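A.B. asks: Dropping the structure in here first, questions after.
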Amino acid sequence: MEKKEDPNFSSAPKLELEELLQTLDQKINWDGRKLVKYNGFWFPMPFFPPIISTQKHFKAKDSDILLASVPKSGTTWLKALMFCIANRNIYTIDQNPLLTSNPHLLVPFLELGLYFHQENPDLQHLSDPRFFSSHIPFNILPNSIRDSECKIIFICRSPLDQFISSYHFLLDNKFEKDAVPLELDEAFDMFCEGIHSWGPFWDHILGYWNAHLKNPEKVLFLKYEDLKEDIAFHIKKIAEFMGYPFSEEELKQGVVDQIKKMCSLENLKNLEVNKCGYVQGIMKNSSFFRKGEVGDWTNYLTPAMAERVKKVMESKFGGYGLRFKI
Ligand code: A3P
């Protein structure tokens, strides 16, 4: 898809939105884009109207599955895995749509995709079960997602690596053409204060963590580091949660291993379709596939910076029994 010069973000009723916006705090993000604070979270301005549209119009079905995530935490990987798991009996390996489509096309974003282009898109053509994805925090999700039987698979990541991944992603994409991005240490200060896209990271993560503790049948809580450590185990776990468990026969035939290979960073990154083009006309396909390493933060942050994040994590997550391998 060609890059659009001036994306027109949403057709949500402008006046209503403008009135709402006047009541909300705004700041400039690391990359020069405006952030707006809504219900305690900072959102990139272009995605604010689609978030409101999603809240207002999206109606979840009981059979839907939502992939919720903190950006740069493995969303793309999980989309590929979910798609492969659900469609493993439909496509042969060499006909898998992942070979010709970026995972973001196969599992569409709500606010960054469907509701980004239209205020109230017609979703009737989508067959059941429908899979969607979103970065919207749990307490701001459309009511129908929380109140229905719709399942949620959430993925997050050690904030240290998530910060480094986000910083690279924003620089790589240059969303604000003429803006001078902040230096890494300035961006880091904002991150630690919770002023960053879809942040504060702790509230985003805790919203889904608490929802998972309350109802683990509804919300599966995943960490990127755990998937990296044992992906085969997690493919089986995700498949079971989705309602697509593997049979003994499939396990013997090595189907899990085939999915693991198809969705590996090495495989996806080197596909022509992921080397060029854009997601939603604005985010480079290639920028979703970088290093995929646990602990990449050590190449960019000083021990003192890491200590600062660890303290934030301890104070925010400690009481909830949530830990990350860093
Ligand atoms: P890095 O920037 O640390 O390399 P998201 O999909 O949520 O935007 O997250 C992007 C991060 O996931 C990037 O991390 C990217 O390299 C990594 N990633 C993308 N595809 C992956 C895959 N198939 N396996 C493991 N990591 C992957």
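A.B. asks: With (1) in contact with a strand residue (DSSP E or B) (Cβ under 6 Å, 6 or more places away or on another chain); (2) more than 14 Å from the ligand (Cβ to nearest atom) as the list, and Glu119 as the residue in question, which single condition is left unmet?
C.D. replies: (1)
A.B. asks: Another question, then. Could you tell me how many of the residues in the range 60-94 are within 15 Å of Pro129 (Cβ to Cβ), within 16 Å of the ligand (Cβ to nearest atom) and of a type in the set (Ser, Thr, Tyr)?
C.D. replies: Within the range 60-94, residues that are within 15 Å of Pro129 (Cβ to Cβ), within 16 Å of the ligand (Cβ to nearest atom) and of a type in the set (Ser, Thr, Tyr) number 0.
A.B. asks: Would a scan of the range 179-189 turn up a residue that is away from the ligand (no atom under 16 Å from the Cβ), open to solvent by 70 Å² or more (accessible area, probe 1.4 Å), of a type outside the set (A, V, I, L, M) and in contact (Cβ under 8 Å) with a residue 40 or more places away in the chain?
C.D. replies: Yes, the range 179-189 contains at least one residue that is away from the ligand (no atom under 16 Å from the Cβ), open to solvent by 70 Å² or more (accessible area, probe 1.4 Å), of a type outside the set (A, V, I, L, M) and in contact (Cβ under 8 Å) with a residue 40 or more places away in the chain.
A.B. asks: Taking the conditions exactly as written (modelled with pLDDT under 95, open to solvent by less than 30 Å² (accessible area, probe 1.4 Å) and among the hydrophobic types (A, V, I, L, M, F, W, C)), does Phe175 satisfy them or not?
C.D. replies: Spelling it out, it is not the case that Phe175 is modelled with pLDDT under 95, open to solvent by less than 30 Å² (accessible area, probe 1.4 Å) and among the hydrophobic types (A, V, I, L, M, F, W, C).
A.B. asks: Need the failing condition index for Ser286 against (1) open to solvent by 60 Å² or more (accessible area, probe 1.4 Å); (2) within 14 Å of the ligand (Cβ to nearest atom); (3) not β-branched (Val, Ile, Thr), just the number.
C.D. replies: Against the list (1) open to solvent by 60 Å² or more (accessible area, probe 1.4 Å); (2) within 14 Å of the ligand (Cβ to nearest atom); (3) not β-branched (Val, Ile, Thr), Ser286 comes up short only on (1).
A.B. asks: Within the range 89-103, can you find the residues that are of a type outside the set (A, V, I, L, M, F, W, C) and over 25 Å from the mean Cα position of the chain (by Cα)?
C.D. replies: Of everything in the range 89-103, those that are of a type outside the set (A, V, I, L, M, F, W, C) and over 25 Å from the mean Cα position of the chain (by Cα) turn out to be Asn89, Tyr91, Thr92, Asp94, Gln95.
A.B. asks: With in contact with an Asp or Glu (Cβ under 8 Å, 6 or more places away or on another chain) and at pLDDT 95 or above as the only criterion, which of Gly243, Gly254, Gly194 stands out?
C.D. replies: Of the residues listed, the single one that is in contact with an Asp or Glu (Cβ under 8 Å, 6 or more places away or on another chain) and at pLDDT 95 or above is Gly194.
A.B. asks: Give me the pairs: first residue in the range 113-134 and at negative phi and open to solvent by less than 60 Å² (accessible area, probe 1.4 Å), second residue modelled with pLDDT of 95 or more and assigned to a strand (DSSP E or B), beta-carbon distance under 6 Å, and six or more apart or on different chains, which are they?
C.D. replies: Qualifying pairs under 6 Å: Phe131/Ile65; Phe132/Leu66; Ser133/Leu67; Ser133/Phe109; Ser134/Ala68.
A.B. asks: I'd like to verify a number: residues in the range 230-266 that are touching a residue at least 12 places away in the same chain (Cβ under 8 Å), within 13 Å of the ligand (Cβ to nearest atom) and either open to solvent by 70 Å² or more (accessible area, probe 1.4 Å) or farther than 18 Å from Asp94 by Cα (or both), how many?
C.D. replies: The total comes to 4.
A.B. asks: While we're looking at this one, here's another question. Exactly one of these conditions fails for Gly281: (1) within 16 Å of the ligand (Cβ to nearest atom); (2) modelled with pLDDT under 95. Give me its number.
C.D. replies: Status for Gly281: all satisfied but (1).
A.B. asks: What number of residues within the range 59-98 satisfy the criterion of being of a type outside the set (Asp, Glu), within 25 Å of Ser247 (Cβ to Cβ) and part of a helix (DSSP H, G or I)?
C.D. replies: The qualifying residues number 14.
A.B. asks: Something else about it: Look at Leu220 and say whether it is more than 15 Å from the ligand (Cβ to nearest atom) and assigned to a strand (DSSP E or B).
C.D. replies: The answer is yes for Leu220.
A.B. asks: Okay, moving on. Assess whether Gly199 counts as being away from the ligand (no atom under 15 Å from the Cβ), closer than 30 Å to Leu220 by Cβ and either acidic (Asp, Glu) or crowded, with 16+ Cβ neighbours inside 10 Å (or both).
C.D. replies: Criteria not met by Gly199.
The values are calculated or read from the model by the stated rules, or taken from the named source; none is laboratory data. Fair warning: this is a prediction, and the values are worked out from it, not measured in the lab. Here the Cβ is made from the backbone with ideal geometry for all residues, glycine too, and neighbour counts use every protein chain on show. Quick note on the areas: whole protein, heavy atoms, side chains included, nothing else; ligands and nucleic acids left out. Shrake-Rupley method; radii C 1.70, N 1.55, O 1.52, S 1.80 Å.
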